[in-house]
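Undergrad: Can you read through this structure? Questions will come right after.
The values are calculated or read from the model by the stated rules, or taken from the named source; none is laboratory data. In this text, all values refer to a predicted model and were calculated from it rather than measured experimentally. Note that each Cβ is placed from the backbone with ideal geometry, even for glycine, and that neighbours are counted across all protein chains shown.
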Amino acid sequence: MRDMVCRGLLLMLHRGGEIELPEVRQVSLNPFVQRDKPQPVLIDVTPLTCALADIRPLSFQQVRRTSDEPLFNSLMEQHHYLGYEQPVGEHLKYLVWADCSGKPRPIACMAWSSAPRHLGSRDRHIGWSSEARRRNIRLVAYNTRFLILPWVEVPHLASHILGRIANSLSDDWEQLYGHPVYFAETFIDPGRFRGTCYRAANWKLLGLTTGRGKDSISKRPNRSIKEVLGYPLTPRFRELLSQS
């Protein structure tokens, strides 16, 4: 029943130099690792430069498990600097549409997934116990990708999208997975971004990552240190997340 967990532990010990495993005899295709990249989708790329009021109200579409999910995947692969990455576990995908002269156009994409299990600055901010964290980590959502399409230049658009998403994220999560989420978090690489739109949408700086990643087996940083920003989706988030 725990075969894959034991294999994973042995592989982690091997990579850490604690044991030496035999040579690999067969390499099998893992469709969850070796995926075909999303194919390009042709859309209107006419520059959109206007005031936010000119394109409001925006339409927000949760496209996970819908026919528009390939469009989301394609736009992320083509235009996000990190490309598209297939989320693991519970996750939602949003397309944001603007009505331009009677013709709907996608202008932004946002991806959410399950939160990292251990995140010191977030855990201290919430104040939950280890037991409560293990039980309730599924009630925290992690913003993995946020993309404003490169031909869209609309002041205050990004912070407006963040505010709108915050109002519907928990209900959308519950509709798909049967439970709400009470807190949202994201990482900002300060070497690339300042996180201005998050701060304008009242997200709070919680602290910094350690730079070790979730699978690190040492205490040495192996990646860039990022800022951790968080946003409560309900005023009672601490009470709800701390329940054992």
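Undergrad: Among the residues that make up the range 186-205, is at least one of them surrounded by 13 or more Cβ atoms within 10 Å (Cβ to Cβ), over 30 Å from GLN61 (Cα atoms), in contact with a Ser or Thr (Cβ under 8 Å, 6 or more places away or on another chain) and not aliphatic (A, V, I, L, M)?
TA: no
Undergrad: Can GLN86 be described as touching a Phe, Trp or Tyr at 6+ places or on another chain (Cβ under 9 Å), at pLDDT 95 or above and of a type outside the set (A, V, I, L, M)?
TA: no
Undergrad: Name the residue that is nearest to LEU52 (Cα to Cα), counting only residues in the range 86-105 that are surrounded by fewer than 22 Cβ atoms within 10 Å (Cβ to Cβ) and touching a helix residue (DSSP H, G or I) at 6+ places or on another chain (Cβ under 7 Å).
TA: LEU95
Undergrad: I'm trying to understand the selection: among the residues of the range 1-40, which are modelled with pLDDT under 90, under 30 Å from SER74 (Cα atoms) and surrounded by 11 or more Cβ atoms within 10 Å (Cβ to Cβ)?
TA: ARG35, LYS37 - these are the residues of the range 1-40 that are modelled with pLDDT under 90, under 30 Å from SER74 (Cα atoms) and surrounded by 11 or more Cβ atoms within 10 Å (Cβ to Cβ).
Conditions (1) closer than 14 Å to LEU233 by Cβ; (2) among the aliphatic types (A, V, I, L, M); (3) at pLDDT 95 or above, marked per residue:
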site	(1), (2), (3)
HIS118	no, no, no
SER121	no, no, yes
ILE126	yes, yes, yes
ALA132	no, yes, yes
ILE137	no, yes, yes
ILE148	no, yes, yes
VAL152	no, yes, yes
HIS156	no, no, yes
ASP171	yes, no, yes
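Undergrad: Just one of the numbered conditions (1) closer than 26 Å to VAL181 by Cβ; (2) without any contact (Cβ under 8 Å) to a residue 40 or more places away in the chain; (3) among the aliphatic types (A, V, I, L, M) is not true of LEU42; which one?
TA: The failed condition is (1).
Undergrad: Return the residues of the range 1-30 that are outside any helix (DSSP H, G or I) and either under 28 Å from the mean Cα position of the chain (by Cα) or not aliphatic (A, V, I, L, M) (or both); say none if nothing qualifies.
TA: Result: ARG2, GLY16, GLY17, GLU18, GLU20, PRO22, GLU23, ARG25, GLN26, SER28, LEU29, ASN30.
Undergrad: Please work out which residue is surrounded by the most Cβ atoms within 10 Å (Cβ to Cβ), limiting yourself to the range 41-71 and to residues that are within 24 Å of the chain's Cα centre (by Cα) and in a strand (DSSP E or B).
TA: Applying the filter and picking the extreme gives GLN62.
Undergrad: State all residues of the range 75-119 that are closer than 22 Å to VAL154 by Cβ and small (Gly, Ala, Ser); if no residue qualifies, say none.
TA: ALA98, SER101, GLY102, ALA108, ALA111
Undergrad: Would you kindly identify the helices (runs of 4 or more DSSP H) lying entirely within the range 99-197 that contain at least 3 residues that are among the small types (Gly, Ala, Ser) and free of Cβ contacts under 8 Å to residues at least 60 places away in the same chain?
TA: It comes to 157-177.
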